[in-house]
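Comments concern the structure below.
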Amino acid sequence: MEFTVINADVIQSGRDDGYHNDSDATRTFEHVGCLDLSCSNILHIANLCLISSSNLTSLKLPVNRIEKICNLDSFTNLVELDLSHNNIKQIENLQGLIKLRRLILNHNPLTKIQNLDRQRDCLEMLDIGFCQIDDYKFTLYLKRFTNLISLVVEGNPCQTEPMDSERTFILSIVQTLLVYNNKTITVEERKEALDIHSQLITMLDKNDRKWKRMSVDKQLRLERMADRKDAFLDGIPEDEDVDFNVSVFRNTTVEHVLMENGRYGIHNVYRTYADDFRRLITEITEAAETCRGIRSQMVNKFQGELRQLIDNGVDESRKCVSELAEYKKRVRCDFPVGSDDGGNPVTNDNIACGRFEERTRATWLTLMRHEDKLSRKITKMIGQLRDVLEKQIIEFKQLVNNRFCMLQRQQNIFLQFILEYAVSSVQSDDVNNRISKVSQFTNDVSQCMESQASQVERAELYITESASRWLDDIFDKLNRWHIARCYCGR
């Protein structure tokens, strides 16, 4: 079976305003408010760009062969959308319909309700009857819709017997409803539903608050992770993870010395080094975050100045073109009919054409000079930004290197202190036992030093390489944009 392609003739036939103008129908489509293309054998939602997106408020496409919702984002004033009796399997691509009040999707192979988050505060009527929804999870989703007053669910596999129990359950969850399955909800029904499912409602409210808190915490955590990545810190511990012994010195000798010696001096030395460790990590973190803030300010300032520079250049070019257009209008009036040096008649059209060509060449040269000037300024701005950012990155790398060197020295000094104390603690043992323990202590501390040196080196390398990579990436993008802009400008 052939399918229909939406075109000017189809749109004209589907207008609800009774307007017909066979001579030039396309000119009137900007005034279309309601469009009914039902029973038109349409397979794809396409070519609706022929209609003004600002005026269309009602679109009806029932009883067609549509399989995918698409190409509707620009119709931001759409209030009613009817896609019933089609082959749609998923609700999607409705993010732009921020004023949608009525959504009719009955008799489609839908299995779940989703992707309507942008309609939570505006959707008033939803018809999902006779689809393939086999559970009531959609009620938890629709529970958050603040203005949903009418819902049609009948004819889905999820329906249970007796029907009154299903109705009571839905009313207890989606409490904004006034009409359910085309039947008005009475005050008695609503009260009964709330009484029967009061415990369920309490539990759902509690879960809603819990999930809301978890969602907020997750969002904050994701934002924090993004900020740390921008600061090149995603490989560095923070907060409670910055633990001197657990994160860095988890080894047998350190634990043995701390456990076998309850003297205040040993634990005081341990706490001193632990505090120094946290302090150095904090200094690295603060330096990285400060550098991130400075870099962001520089880039934002550069982008603002660049936009202003380009806008000024565009204004100059427009001024030149406008002057050329004005010149074209008056140039013919300035030259009366005359004759050339040979006595041949010359019309004002000939003179005007010659003058206009000269003026066009002059305007073109002026535009090219403007473009060259703008290009040189942009190149200079990019170079200046690179110099400043390179200096900032170099200073940041030097600070990071200094702090990591101090961190490495602190670790080695502490481990050397532990080794010396551990060796002194076995001086009273017999020779063989003492040699064995000293060898064990030495090997353990040496392995720890190597391990910690490797960790510190990797952390420092990651930060410095990330900083260099960020610098190269941002200027690679800027240079590619500038080359593309120059190419298009010419």
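The values are calculated or read from the model by the stated rules, or taken from the named source; none is laboratory data. All values derive from a computational prediction rather than experimental measurement. Counting neighbours? That spans all protein chains shown, and the Cβs are built from the backbone with ideal geometry, glycine included. Each accessible area value is taken on the protein alone, full model and side chains, heavy atoms only, with ligands, DNA and RNA left out. Shrake-Rupley method; radii C 1.70, N 1.55, O 1.52, S 1.80 Å.
Across region 382-490, the relative contact order, built from alpha-carbon pairs under 8 Å that are at least six residues apart, equals 39 percent. Straight-distance candidates among the lysines for linking to Lys373, with alpha-carbon spacing under 29 Å and chain neighbours fewer than 8 residues away dropped: Lys301, Lys319, Lys328, Lys391, Lys477. Along its first, second and third principal axes, ordered by size, region 415-490 spans 89, 16, 6 Å in Cα coordinates. Taking a straight line from the alpha carbon of Lys89, these lysines sit under 28 Å away, with near neighbours fewer than eight places off in the same chain left out: Lys60, Lys68, Lys99, Lys112, Lys137, Lys143, Lys183.
The mean sequence separation of alpha-carbon pairs under 8 Å and at least six residues apart, normalised by the residue count of region 104-163, gives a relative contact order of 39 percent. A probe of 1.4 angstrom, applied to the heavy atoms of all protein chains, finds Ile483 with accessible area near 120 square angstrom. Positive contributions from Lys and Arg (+1) and negative ones from Asp and Glu (-1), summed over other residues with Cβ under 11 Å from the Cβ of Lys218, come out at +2. Sequence-distant contacts, meaning Cα pairs under 8 Å at least 6 residues apart, place the relative contact order of region 111-212 at 24 percent.
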